[in-house]
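Here the structure is laid out as structure tokens; the discussion comes afterwards.
The values are calculated or read from the model by the stated rules, or taken from the named source; none is laboratory data. If you're wondering where the values come from, they're calculated on a predicted model, not measured in any experiment. Here Cβ is always computed from backbone atoms with ideal geometry, including for glycine, and neighbour counts include all displayed protein chains. We work out accessible area using only protein heavy atoms, side chains counted, and drop any ligands, DNA or RNA first. Shrake-Rupley method; radii C 1.70, N 1.55, O 1.52, S 1.80 Å.
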Amino acid sequence: MNILELSSLQGTLFIMILAGVVLKKKGIIDEAGKRCLSDLCINIIIPCNIIKSCLIEFNGSILKSCGLVLIVGIALQLLCVILNKFLFNRYADQQKRVLQYCTIVSNGGFLGNPVAEGIYGNLGLLYASMFLIPMRVVMWSTGTSYFISGTTDKKKVIRNVMTHPCLVGVYIGLFLMITQLQLPSVITLSIKYIGNCNSAITMFIIGTILADVNVLSIFNKTTICFSFLRLAVLPAIAFAFCFLLGLDHTATGVSVIMTGMPAGATAAIFAARYDSDAPFATQCVVLTTLLSMITIPLWCYFVG
């Protein structure tokens, strides 16, 4: 994909985000509607999109690359957890929790999948799905512990992770890819059509988040410094990991792009639910999302 095609993809995603802003401003999508769209994405659309990405011809090199991408994802999550031990200690407790959560949890599930698929096709989407597995594990364990005091219920964490709809999509997709089982065309087409809704719906959701924020309020020293960490430092580290492991071009590109995704939108939801700094969390999510419109193409160009 050349720079013109990448700009076109980015522009397309941005227009769909603007559509989400307009839908929210007009009251067509209210808070209940936003939750409904999020649930629809997580439980149906994204899993189908993941399964769709696995309906390709299988070979050993793909399985090897999936394993290496998974290793990079694990290494980055461990690094982020370690950084969280000391990186944000000078901040107030409520802001510290938000920054810790936003460091380990990106918006890769919503924004990353459409970008990876748009640039690298179904193979890119498959790698992105593998890369997100460690993040989902940490999100439901360490991530929630930042907001919830006390010991995390390990059995509940394991159950939440292993039965997460997106991971179920990975299980089914890998089974179909490895066995090369041919599903009836009516099922295959249904999966593909539902999965193809992913880009538009997820961009609408991001637009509804942006619609509720005063853009001028998001710029402050803390949010700018965090954005630099989230969008520049972490993907640079991911690139170094990929180089050391000798990942191929597509796997490297996906790993770097997924690491350079903006802060996860769930940060604002958790912050509001558990009496943390919800406005600050929203500022982090919105600023990193806006800046990612610039940094993602730059990283794509850098990776090649």
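hydroxyl-bearing (S, T, Y), open to solvent by less than 70 Å² (accessible area, probe 1.4 Å) and touching an Asp or Glu at 6+ places or on another chain (Cβ under 8 Å): does that describe S38? Walk me through it before giving the result.
Working: hydroxyl-bearing (S, T, Y): yes; open to solvent by less than 70 Å² (accessible area, probe 1.4 Å): yes; touching an Asp or Glu at 6+ places or on another chain (Cβ under 8 Å): no.
For S38, the condition - hydroxyl-bearing (S, T, Y), open to solvent by less than 70 Å² (accessible area, probe 1.4 Å) and touching an Asp or Glu at 6+ places or on another chain (Cβ under 8 Å) - is not met.
Reported count of residues in segment 75-98, each being part of a loop (DSSP other than H, G, I, E, B) and either open to solvent by less than 40 Å² (accessible area, probe 1.4 Å) or within 17 Å of L231 (Cα to Cα) (or both), is 2. In segment 191-202, is there at least one residue being part of a helix (DSSP H, G or I), modelled with pLDDT of 90 or more and either aromatic (F, W, Y) or in contact with a Ser or Thr (Cβ under 6 Å, 6 or more places away or on another chain) (or both)? Taking every residue of segment 191-202 in turn, at least one turns out to be part of a helix (DSSP H, G or I), modelled with pLDDT of 90 or more and either aromatic (F, W, Y) or in contact with a Ser or Thr (Cβ under 6 Å, 6 or more places away or on another chain) (or both).
Listed here are the residues, each with its yes/no results for (1) closer than 20 Å to L13 by Cβ; (2) without any contact (Cβ under 8 Å) to a residue 60 or more places away in the chain.
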{"position": "M203", "(1), (2)": "yes, no"}
{"position": "L210", "(1), (2)": "yes, no"}
{"position": "N214", "(1), (2)": "no, yes"}
{"position": "F226", "(1), (2)": "no, no"}
{"position": "R230", "(1), (2)": "yes, no"}
{"position": "L234", "(1), (2)": "no, no"}
{"position": "F241", "(1), (2)": "no, no"}
{"position": "L245", "(1), (2)": "no, no"}
{"position": "D248", "(1), (2)": "no, no"}
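Listed by first and then second residue, the pairs with beta-carbon distance under 9 Å, at least 6 apart or on different chains, first residue in segment 118-135 and among the aromatic types (F, W, Y), second not in a helix (DSSP H, G or I), are Y120/M1.
Residue-wise test of (1) open to solvent by 10 Å² or more (accessible area, probe 1.4 Å); (2) at positive phi; (3) part of a helix (DSSP H, G or I).
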{"site": "V213", "(1), (2), (3)": "yes, no, no"}
{"site": "S227", "(1), (2), (3)": "no, no, yes"}
{"site": "V233", "(1), (2), (3)": "yes, no, yes"}
{"site": "L244", "(1), (2), (3)": "yes, no, yes"}
{"site": "A251", "(1), (2), (3)": "no, no, yes"}
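Going by what's in this entry, would S217 be described as hydroxyl-bearing (S, T, Y), surrounded by fewer than 15 Cβ atoms within 10 Å (Cβ to Cβ) and modelled with pLDDT under 90? Here the answer is yes, as S217 does meet what is asked.
Can you tell me which residue is least open to solvent (accessible area, probe 1.4 Å) among those in segment 261-299 that are outside any helix (DSSP H, G or I) and over 16 Å from R136 (Cα atoms)?
Restricting attention to segment 261-299, the residues satisfying the condition of being outside any helix (DSSP H, G or I) are 261-265, 274-277.
Add one more test, that the residue is over 16 Å from R136 (Cα atoms), and what stays is 274-277.
Numbers: Y274: 68, D275: 120, S276: 17, D277: 37 Å².
So the residue we want is S276.
Annotation note: of Y146, Y101, Y120, the sole residue that is within 16 Å of A265 (Cα to Cα), open to solvent by 30 Å² or more (accessible area, probe 1.4 Å), part of a helix (DSSP H, G or I) and of a type in the set (F, W, Y) is Y146.
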